[in-house]
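Undergrad: The following block contains the structure, expressed as structure tokens.
The values are calculated or read from the model by the stated rules, or taken from the named source; none is laboratory data. Predicted model only: the values in this text are computed from it and were never measured. Here the Cβ positions follow ideal geometry from the backbone for every residue, glycine too, while neighbour counts run over all protein chains shown. Heads up: the accessible areas ignore ligands, DNA and RNA and are worked out on the full protein's heavy atoms, side chains in. Shrake-Rupley method; radii C 1.70, N 1.55, O 1.52, S 1.80 Å.
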Amino acid sequence: MKRPVSLFVAATLALTSALAGAQTRVVTLGTAGGPVLSLERSQPANALVVRDRVYLVDAGNGVGRQLLAAGLDLRKVEHIFITHNHDDHNADWGTVMGLAWSTGRRGDIHVWGPAGTESMLQGFLQYFAPNARIRMADAKGLRRPNDMFKAHDIVGPGLVFKDDLVTVTAVENCHFHAASAGGARSDDKSYAFRIQTPDKTIVFSGDTGQCAAMVDFARGADLLLHEVVDLPSIQRLLKQELPPQLAEGLYQHMVQEHTTAEDVGRLAQAAGVKELVLTHLIPGREEPESLFVDGVRKHYKGPVKVARDLMAF
């Protein structure tokens, strides 16, 4: 007996079909914010599909399953771009590499991320080594993961990567603030990515607070995918669920290093972006879309959508 298809999945499939003629589309694989598990939203990840190639922007927990749910073959992922080294954004890029290797990919796989990405790959290869040794004994002809998996630390703003279909540039956003007593160091960077394809300019904000640099960086983009928070909702939840000291610290992080709907609207309007997609929603607990959209519309006159997992743009 066939399982019924939900209205949301049916609508997503219809939209994906409508976009099939375009050279470029973005699938929001995970739209939650923060290192929390949810049955409604997966952790942050986006698939940029250009013709028959799949590029990943962020790779939170469960991204491999989300690629499958989106009808995308993870073995086609050759390049992964990580905005910053928080675990809701980088937890599964190694897993994607390992799954692709285990299921038949033989070409190199590259990950591009802030300082620390290259050392993380060495840690993953150490973790993966017993599995790889045993599987390579069982199946002849497998490449050594050490030869196949490649990591690249982004050295600063500017050009990150270019091939015949995409050009990826980065700018440092306003998510990490260097602190003297632990916390983020001066070499801990958080980036936004601007990706030019044959027919679209797409900007991924990454996690960021209010950031003047983002206006010029996003200027004229066909699509801006930007994080968003609702501070009153966050404050209520933190008070309900966490000890006061921990709640206050996390709330100040939300105030300083994330962006409210009104500030996203100001940015989108100033940059003249053609379409805005809100993602990385916090709290992301089935709030009405109006909670975010109404704030944006006070300032931004273009189309705005609240992303859900597996939507295509």
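Undergrad: Where does helix 93-102 land angle-wise versus the long Cα axis of the chain, in degrees 0 to 90, nearest 10?
TA: It works out to around 30 degrees.
Undergrad: Hey, another quick one. Rolling a 1.4 angstrom probe over the protein heavy atoms, how many square angstrom per residue are accessible across the chain?
TA: Details: 14850 Å² over 313 residues.
Result: 47 Å² per residue.
Undergrad: Indicate the gyration tensor shape class of the stretch 171-244 (rounded, prolate or oblate), computed on the Cα atoms with a ≥ b ≥ c the square roots of the eigenvalues: a/c under 1.5 is rounded; otherwise a/b larger than b/c is prolate and the rest oblate.
TA: Numbers: a/c = 3.17, a/b = 1.57, b/c = 2.02.
It comes out oblate by the Cα gyration axes.
Undergrad: Using C-alpha positions alone, give me the convex hull volume of the stretch 90-204 per residue in cubic angstrom. Each step should come with its number before you reach the end.
TA: On the way: hull volume 13.7 nm³, N = 115.
Once divided by residue count, the hull of the stretch 90-204 is 119 Å³.
Undergrad: Find which of Gly71, Leu39, Gln122 sits farthest along the positive direction of the dipole of the stretch 22-124, computed with +1 on the beta-carbon of Lys and Arg, -1 on that of Asp and Glu, about the Cα centre.
TA: Gly71
Undergrad: Counting each DSSP H run of 4 or more residues in the chain as -39500 (n - 2.57), what helix-only mean residue ellipticity at 222 nm follows after dividing by all residues, to the nearest 500 deg cm²/dmol? Intermediate results must be reported in sequence, preceding the final value.
TA: On the way: 11 runs with 109 residues, N = 313.
Counting only the DSSP helices, I get -10000 deg cm²/dmol.
Undergrad: Just need log10 I(q)/I(0) for the stretch 185-313 at q = 0.17, 0.19, 0.21 Å⁻¹, Debye formula, equal scatterers on the alpha-carbon atoms, no solvent, rounded to two decimals.
TA: -0.89, -1.06, -1.23
Undergrad: Now for a separate question. Heavy atoms of the protein only, probe of 1.4 Å, neighbouring chains included. What is the accessible area of Lys200 in Å², nearest 10?
TA: The value for Lys200 is about 80 Å².
Undergrad: Evaluate the distance, in nm, between pseudo-label points positioned 7 Å from the Cα of Lys274 and of Leu68 along their respective Cα→Cβ axes.
TA: Those two pseudo-labels are separated by 3.6 nm.
Undergrad: What label, among (1) 22.0; (2) 20.1; (3) 24.8, belongs to Kirkwood radius over Cα pairs in Å computed from the structure on display?
TA: (2)
Undergrad: Measure off, as a whole percent, the carbon and sulfur share of the 1.4 Å-probe accessible area of the stretch 185-311, all protein chains present.
TA: Numbers: 2890 of 5610 Å².
Accessible surface attributable to carbon and sulfur in the stretch 185-311 totals 51 percent.
Undergrad: Taking 0.36 nm per intervening residue step and subtracting the Cα-Cα distance, what contour gain separates Asp294 from Leu242 on full extension?
TA: 15.9 nm
Undergrad: Follow-up question, since we're still on this one. Output the pairs from Lys76/Lys274; Lys274/Lys305; Lys76/Lys140; Lys150/Lys200; Lys274/Lys301; Lys274/Lys298 with a Cα-Cα distance over 18 Å in this structure; if there are none, say none. Present the calculation step by step, with values, prior to reporting the outcome.
TA: Working: Lys76/Lys274 29 Å; Lys274/Lys305 12 Å; Lys76/Lys140 22 Å; Lys150/Lys200 27 Å; Lys274/Lys301 9 Å; Lys274/Lys298 16 Å.
With Cα atoms farther than 18 Å apart: Lys76/Lys274; Lys76/Lys140; Lys150/Lys200.
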